[in-house]
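Worksheet: one structure, shown below.
The values are calculated or read from the model by the stated rules, or taken from the named source; none is laboratory data. The model shown is predicted, which means the values in this text are computed figures rather than measured ones. Here the Cβ positions follow ideal geometry from the backbone for every residue, glycine too, while neighbour counts run over all protein chains shown.
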Amino acid sequence: MFVKILLVLIFVAVAVGVGIYCRHYTKTVDGFVLGGRKVGPWMSAFAYGTSYFSAVVFVGYAGQFGFKYGLAATWAGIGNAILGSLLAWWVLGPRTREMTHRLKAATMPEFFGKRYSSKALRIAAAAIIFVFLIPYTASVYNGLSRLFGMAFNLPYDWCVLGMAVVTCIYVVVGGYMATVMNDFIQGIVMLLGITAVIVAVLLNNGGFSEAIIGLSQIQAEGTAMQGAYISFFGPDLFNLLGVVILTSLGTWGLPQMVQKFYAIKSSSAVKQGAIISTVFAFVVAGGSYFLGGFGRLYQGQIEYAANGTPIYDSVIPTMLSTLPDLLIGLVIVLVLSASMSTLSSLVLTSSSTLTIDLIKGNVVKDMSEKKQIVCMRVLLVVFVAISAAIALVQYHSSIVFIAQLMGYSWGALAGAFLGPFFWGLYSGRISKAAVWCSFAIGVGLTAVNMCMGFAGTPLIASPINCGALCMLLSLAVVPLVSLVTPAVPFEVNPPTPEGAIDREFARELHGESLPEGPEAVLDA
């Protein structure tokens with residue numbers, strides 16, 4: 001217990017210390033929200049990965065889908081690495097960085113507002129982000145708090161409050177730069193931790209071969225397939241595909257993820273970040289789902305609801321409870337690292353969006369940079385408090401699965417934003433009507449399915465599949481509606497001013513300190 005407490009205290013001290021160290025970056029709005037757009041490839045890649053993977057993946061998704069699909073759940077981790085990381089960086093990274101610089105957009109709603117010349121779209125996007133990031137944040141609290149309860153025997157409520165306080169301190173003080181520096185440190189912990197846990201769990205089950213043999217002898221429900229949980233595609237390929245699409249393609253339309261491309265310092269850094277981020281995802285996401293694939297070996301020890309349904313959030317904690325105390329301490333810090341980085345990214349995205357896109361110019365007409373920063377800090381605290389309150393209510397209610405909350409959140413956000421964001425980067429023939437249609441599909445289908453689910457008759461049984469469908473519809477609807485509605489005039493690839501390419505090349509060679517003016521290019 002002493003070792004576990006010590007590891008957590010060290011983690012908290014480092015996080016708060018980094019926040020204090022980074023406070024000088026928060027003097028401007030651009031510095032507070034994007035770190036002055038000077039973040040390098042390693043920090044950007046680790047920030048992307050640690051924001052991507054949290055307790056939601058490690059505890060919720062790895063536990064639930066590993067238990068359902070066995071080792072085939074590893075495909076979700078592979079999809080996260082290839083589609084959610086590598087292709088996202090290659091396809092979106094360079095164009096997002098260039099266009100957000102050109103439009104001077106610091107948030108996704110600001111991008112929509114300027115790209116489509118619509119204040120209404122900007123306000124609507126900001127409202128969607130605020131509403132649907134809350135359940136995602138609550139789900140992160142849930143997963144981490146369950147692990148704390150297992151390791152320290154602490155009440156869930158106290159775990160949630162402790163996380164909320166620490167998140168507030170270092171994000172409010174240090175802004176975006178504090179989150180990416182902490183993300184880098186936390187990412188290293190995650191890489192080491194997940195590797196150690198996989199090795200320990202396999203050894204605890206007699207080694208890899210013995211664990212596979214044990215898993216192969218468990219009969220899957222609803223299928224005559226022998227060894228379903230060790231098969232290539234598992235017992236339920238269709239629903240597994242829905243998980244891969246939601247968790248991989250979803251990052252392309254999530255504001256807290258694409259914001260990492262706004263802040264990266266150069267196009268060469270994007271190329272490096274793509275490789276780093278992909279390797280990180282293979283180890284962390286692939287490792288998490290692979291670990292969850294052995295959850296069936298513990299089916300006699302996990303918790304079950306009154307109706308006999310497995311409580312999936314208990315699968316990973318049950319697996320970990322059999323490990324040595326020192327390793328449990330490492331796991332706690334691992335998941336704490338993943339979750340705190342995700343929380344900080346979510347609350348910073350929400351507070352900056354509300355301030356820049358809703359309050360500034362609408363509620364407060366003349367808002368100085370200093371007032372904007374103060375407002376963002378206040379909203380950070382408010383957002384954390386609301387999310388913590390929802391997490392507590394959710395824990396004591398009938399909504400017991402982490403994946404359920406994340407599925408609704410990702411489905412609505414990425415279902416609304418994916419098509420307008422992607423096509424807005426690459427096509428100059430997109431209409432406002434198409435963007436509104438995408439917003440309506442993402443939010444409308446998710447909300448209807450969620451309400452019908454609460455009533456006991458969901459439109460689509462799985463919120464995961466509903467979210468995946470929203471994303472695919474968004475990608476298809478935007479160009480189709482744009483064919484029959486007037487496009488917003490926009491030059492996606494404007495003529496490059498003479499000397500601009502030379503200047504960009506010079507800056508990448510010599511750094512951001514290169515002075516303005518023709519002499520800079522000549523000197524370079």
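Assorted remarks:
- Candidates G77, G60, G49: the one that is under 17 Å from L249 (Cα atoms), assigned to a helix (DSSP H, G or I) and modelled with pLDDT under 90 is G49.
- Residue match in region 173-188 (condition: within 18 Å of P324 (Cα to Cα), crowded, with 20+ Cβ neighbours inside 10 Å and β-branched (V, I, T)): no
- For region 443-479, the tally of residues that are of a type in the set (S, T, N, Q) and outside any helix (DSSP H, G or I) stands at 2.
- In region 329-381, residue farthest from K114 (Cα to Cα) [restricted to those that are in contact (Cβ under 8 Å) with a residue 40 or more places away in the chain and among the charged types (D, E, K, R)]: R377
- All positions within region 308-323 that are outside any helix (DSSP H, G or I) and either more than 14 Å from V335 (Cβ to Cβ) or charged (D, E, K, R) (or both): G308, T309, P310, I311, T322
- Count of region 202-225 residues which are among the aliphatic types (A, V, I, L, M) and part of a helix (DSSP H, G or I): 6
- Any hit, region 107-114, residues being under 15 Å from W436 (Cα atoms), aromatic (F, W, Y), at pLDDT 90 or above and part of a loop (DSSP other than H, G, I, E, B): no
- Pairing each residue of region 175-199 that is in contact (Cβ under 8 Å) with a residue 24 or more places away in the chain and closer than 14 Å to S51 by Cα with any residue that is surrounded by 24 or more Cβ atoms within 10 Å (Cβ to Cβ) and among the basic types (K, R), provided the two are 6+ apart or on different chains, yields C-beta distances under 9 Å for V180/K260.
- Looking across region 270-295 at every residue that is in contact with a Gly (Cβ under 6 Å, 6 or more places away or on another chain) and under 11 Å from W89 (Cα atoms), the one that is surrounded by the fewest Cβ atoms within 10 Å (Cβ to Cβ) is identified as V270.
- Flag for V378 being assigned to a helix (DSSP H, G or I), more than 20 Å from the chain's Cα centre (by Cα), of a type in the set (A, V, I, L, M) and modelled with pLDDT of 85 or more: yes
- Complete set of residues in region 246-296 that are among the aromatic types (F, W, Y) and either outside any helix (DSSP H, G or I) or within 27 Å of T107 (Cα to Cα) (or both): W252, F261, Y262, F280, F294
- Filtering region 88-120 to residues that are surrounded by 17 or more Cβ atoms within 10 Å (Cβ to Cβ) and basic (K, R) leaves R95, R97, K114, R115.
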